[in-house]
1. Does anyone have the angle between helix 208-217 and the longest principal axis of the chain? Alpha-carbon axes, 0 to 90°, nearest 10?
2. To test your reading of the geometry: what angle, between 0 and 90 degrees and rounded to tens, separates the Cα axis of helix 107-119 from the longest principal axis of the chain?
3. Can you run phi through the Karplus equation (6.51, -1.76, 1.60; θ = phi - 60°) for the range 182-188 and list ³J(HN,Hα) in whole Hz, with x for Gly and Pro?
4. Show me the ranking of peptides 244-252, 258-266 by mean Cβ neighbours inside 10 Å, starting with the highest.
5. Once the Cα atoms of the range 107-190 are picked out, what are the Rg and Dmax in Å?
6. Using unit Cβ charges (K, R positive; D, E negative) and no other charged atoms, how large, in debye to the nearest 20, is the dipole of the chain about its Cα centre?
7. Going toward the positive end of the dipole of the chain, with +1 on Lys and Arg Cβ and -1 on Asp and Glu Cβ, which of 67, 10, 199 do you reach last?
8. Tell me the mean residue ellipticity at 222 nm calculated for the chain from its helices only (DSSP H runs of n ≥ 4, each -39500 (n - 2.57), averaged over every residue, nearest 500).
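Each value in this text was obtained by applying a stated rule to the coordinates, not by laboratory testing. The shown structure was predicted, so the numbers you read here are calculated from the model rather than taken from an experiment. FYI the Cβ positions are ideal-geometry reconstructions off the backbone, even for glycines, and counts take in every protein chain you see.
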Amino acid sequence: MSKEQQARFHFIEVFAKWLGRVNASHIMAYFDLSRQAASRTITQYMAKYPENLIYNESLKGFLPTSQFSAKTSVGAFSEYQQITRVNQSKYLASIEHIELPNREPEPKLVQPILRAINEKLAIDIGYLSLSNPHYLDRIIEPHSLVFDGLRYHVRAFCHKNNDYRDFVLSRFNGELNDEFKATHGAQDDRLWHTQLEVVIMADSRLSPAQKRVIELDYQMKNGTSTIKTTAALVQYTLKRLHLDAYQTQAEAQQIILTPECLRAISPYLPKPA
């Protein structure tokens, strides 16, 4: 299958799953195709995956069948969001996205880190911290990049602390003073390989009716939902869930950790200053 056909089949699946139907007009608008070419794309998809779609005369479109399963997509709503961001034509439901500060790293910051990761190098590089706003040399042995949803971190062995630490990517200056073969890799990072489960529940201060709403929001089963993470990443998981700070109002807090989960992950959380 060509990349072009893959993209068109992906579009068909995403629209069928999330919009509930797909037709030639959708494909024409998104890919700037003729009606003949758009209809031919649907025919080709139907020939390859006949169990996925069925034509509905009254709606003038193809609907997902009860046997529908993703073949060229992952089935995530984010795929539909991505499509609407690329082309908000009259055929696409508009989804607004909150604009955040641009925290894209510069290539000069990423390149030495990626090279060190790929070639298993230790590097001597300048780094800023909140405790010292001037660039100081740090010798680190990076093994992974981590995106927490807002910014990138570098997971690395730090020679200064003789332990694995997280560094904010944007705080490096990108200038190498030295490099040599690394002796500490991901395989030695205990917290990186320690598996944890973050188990959330509706805030116990909410009413039973309010709890049911929250359980629906988070697709909880039997009152809880579980997110898998590692000890090295658990603090970022809690931040994404807004569980790094406790709200005085239950309606603002909405979810909390189960007592068992809190006890299990507490040893891996940053100690209060």
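1. So the inclination is approximately 80 degrees.
2. 80
3. 6, 10, 10, x, 4, 5, 9
4. 258-266, 244-252
5. So, for the range 107-190, Rg and Dmax equal 11.6, 32 Å respectively.
6. With only Lys, Arg, Asp and Glu charged at Cβ, the dipole is about 700 debye.
7. 67
8. Calculated from helices alone, the mean residue ellipticity at 222 nm is -9500 deg cm²/dmol.
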